[in-house]
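Structure record follows, encoded as structure tokens.
All of the numbers you see were taken from the coordinates with simple rules; none came from a lab. Keep in mind that this is a model prediction, so the values were computed, not measured. No Cβ is skipped: glycine too gets one built from the backbone with ideal geometry, and neighbour counts run over all protein chains shown.
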Amino acid sequence: MAKTPKAMKKRPSTKAARTQRSTRGKTRRRPVRGGALSLQAECTLAEAEGLQLRLAKRLHDVKPVTLELGAVRRIDTATMQLLAAFVRDRTASERPVRVGQVSPTFLEAARLLGLGPVFANCGMPA
């Protein structure tokens, strides 16, 4: 059986293949969304994956992202690390992060972990 030259082979006609071809060479738009991102009362390792996904969606937003931390009643080190990394990465990219309401629990956790200065740059009280 003779091989068919590459030029003679049919291109896939699936919708995915057409979409892939149509988006080549185009630049991606940056999300402009911004807005508030509220944390739940329980911010533990069990909820960290969901929070990580929510933060990842907001990482490249052009508009300011406001962290609403007033409802936090319990927070662990893993969640604090996620939030600190989010603030650090957005700040390094010159994308603003603000802190809205802050619970005493969050303030105490930031103080104990030495993360107060990270969040102070966002307007969190010391």
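If R0 is taken as 25 Å, the Cβ-Cβ distance between L59 and L113 corresponds to a FRET efficiency of 0.70. Taking amide H atoms as placed 1.01 Å from N in the peptide plane, the amide H of E68 lies under 5 Å from those of L37, S38, L39, G100, each 5 or more residues away in sequence or on another chain. When the Cα positions of L67, G114, P96 are compared along the charge dipole of the stretch 33-126, P96 comes out farthest toward the positive end, with charges on each C-beta of Lys, Arg, Asp and Glu. Of the residues L83, L39, the one with the fewest other Cβ atoms within 10 Å heads the list, and the complete ranking is L39, L83.
Given R₀ = 22 Å, FRET efficiency for Q101-Q81 by Cβ-Cβ distance, to 0.05?
Details: r = 21 Å, r/R0 = 0.97.
Taking R0 as 22 Å, the efficiency between Q101 and Q81 is 0.55.
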